[in-house]
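Inspection log for the structure reproduced underneath, given as structure tokens.
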Amino acid sequence: MAPPGTRTIGPRLDLRQSQTLVMTPQLQQAIKLLQLSNLEVVAYVEAELERNPLLEREEGETQAAPEPETRTADERAAEPLLDPIDRSVEPSAREEAPLDADFSSTWDDEPAGGGALTEWGTGGGGRSDFDDSEFGLEHVLSQSVSLRQHLAEQIAVDLHDPVDRIIANHLVNMLDESGYLQGDLGQVALALGCDVARIEQTLAKVQRFDPPGLFARTLRECLALQLRDKNRLDPAMEALLDHLDLLAKREIGALTKLCGVDAADLSDMVGEIKALDPKPGLAFDSTSAQPIVPDVLLRPAAAGGWIVELNQDTLPRVLVNQRYYARVSKQVRERNDKEFLAEQLQSANWLVKSLHQRAQTILKVATEIVRQQEAFFAKGIQYLRPLVLRDIATAIEMHESTVSRVTTNKFMAAPHGIYELKYFFTSAIADSGGGESHSAEAVRHRIKALIEAEVAGKVLSDDSLVDILKSEGIDIARRTVAKYREALRIPSSVQRRREKALGL
């Protein structure tokens, strides 16, 4: 036996209790869908429709939305802002279960051969007549001419020498999207087997093409080509183009001496340069901008308050074909086939569940944002309240990470614009009188408004802005004002004073 007080080495059995989070594949899918944008959700659903034979897209008529939520008088009194609220997707006891809950028994209880289709989504569409708004003229895009097509037409008309055409086409291939020539002319001469002088001769010809400024190698050359086309490239203008760095610094005195003009003439010259296009190639090859499709729609209610609803056009209409599953399951004999079919059914049901719960969460978060930012929607940006994720998470009893995922790449269409849900979360700036804090975004808007209202003889410095803001009850430091001004890309008071002197 071992002496008393000594520890023996050997196997033993201990019982310990701990908490761990198990990320099931279904939970991972629900979390992934929650943070996707509406376009990404559509792409994800399309991939699932191709992969899962039990899923199908509904092509029927739009269904009527469920009735709005019924609330007691006490609940309505506690929520006067959003009375009434139109919720397009209403939760039930079963739909409020956690994302990682086990719904296998729920799905198994449903009849397999009843011919019913489990569906989610009340989106629009589905019409096949020509009166559908999808066939409107505004959806038809005209085919634009690319930069290279535009130049190829001019080469065919203006250049008759075959050598010039070969060189010109080679130079066209060296243009970037802004219309600037990239690369060394010596390399071009080596590749084509001709002299650099011949390349420069052809370059001079194509630099007269429309629009002026193409085939330039520097910003100065681009502006000079455009001024030459306007017959305004005189010695004074050439001197100004040679010192664009001084123009960027607003060195008025130095520029007037170098150009040999007075301040009034210099102001006119600067105005001519501002009217030029520093990137003439961008007028071509333009891709059609994709408009933002909001996930949430906000409109004022007739009886006061706001109506918050989901954009039905962004909700995928997905069906689980229980009839097809019942028919196929009766014919399946192999164990692997049965397992595959059961797996696909569970995956399809979870996709429907995840899409529905995603819509529920977006609507819940958006409703609470509108509730807390009602003054912003009613009166403007100056009434935007400071808000953090914790405020919304606490109000709707969700985790901050869930609110963060919901507000990423999700947009709300309000009466005066479309905003990302993240926009409504801003830091707080204390009130000098001890009152309610101010939103940083509202303070930035106020700084911008003060600077835009400046007059030439009274440009506001950062210290002056601090004094004005403090008089309005905003306790802010000078460095914070400077940081906000730089974030708004507003130059300093010295540069603004010089610009106003030039009449810019």
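The values are calculated or read from the model by the stated rules, or taken from the named source; none is laboratory data. All values reported here derive from a predicted model rather than from experimental measurement. Heads up, the Cβs are rebuilt from the backbone with ideal geometry, glycines too, and the neighbour counts pull from every protein chain shown.
For the reader, a short list of remarks on this structure follows.
- Segments classed as helices (runs of 4 or more DSSP H), wholly inside region 152-228, with at least 2 members that are surrounded by 20 or more Cβ atoms within 10 Å (Cβ to Cβ): 162-172, 196-206
- Helices (runs of 4 or more DSSP H) enclosed by region 437-504 - at least 3 residues per element that are under 30 Å from residue 267 (Cβ atoms) and more than 31 Å from the chain's Cα centre (by Cα): 462-471, 493-502
- Just one of the listed residues (216, 189) is assigned by TED's automatic domain parsing to the domain that holds residue 275, closer than 22 Å to residue 284 by Cβ, in contact with a helix residue (DSSP H, G or I) (Cβ under 6 Å, 6 or more places away or on another chain) and of a type outside the set (Phe, Trp, Tyr), namely 216.
- Filter result for the condition that a residue is assigned by TED's automatic domain parsing to the domain that holds residue 56, farther than 30 Å from residue 149 by Cα and either surrounded by 13 or more Cβ atoms within 10 Å (Cβ to Cβ) or aromatic (Phe, Trp, Tyr) (or both), over 256, 314: 314
- Checking 330, 364, 379 one by one, the residue that is out of contact with any strand residue (DSSP E or B) (no Cβ under 7 Å at 6 or more places or on another chain) and at pLDDT 90 or above is 364 and no other.
- Positions within region 466-500 being surrounded by 14 or more Cβ atoms within 10 Å (Cβ to Cβ), under 29 Å from residue 245 (Cα atoms) and aliphatic (A, V, I, L, M), in sequence order: 481, 482, 490
- The set of residues from region 9-53 being part of a helix (DSSP H, G or I) and either more than 28 Å from residue 295 (Cβ to Cβ) or β-branched (Val, Ile, Thr) (or both) comprises 31, 41, 42, 45.
- Given (1) touching a Ser or Thr at 6+ places or on another chain (Cβ under 9 Å); (2) surrounded by 15 or more Cβ atoms within 10 Å (Cβ to Cβ), number of the condition residue 277 does not satisfy: (1)
- Unique residue being outside the structural domain of residue 230 (by TED's automatic domain parsing), closer than 25 Å to residue 400 by Cβ, touching a Pro at 6+ places or on another chain (Cβ under 7 Å) and in contact (Cβ under 8 Å) with a residue 40 or more places away in the chain when the list is 306, 350: 306
- Subset of region 280-296 [at pLDDT 85 or above, in a loop (DSSP other than H, G, I, E, B), crowded, with 18+ Cβ neighbours inside 10 Å and of a type outside the set (D, E, K, R)]: 294
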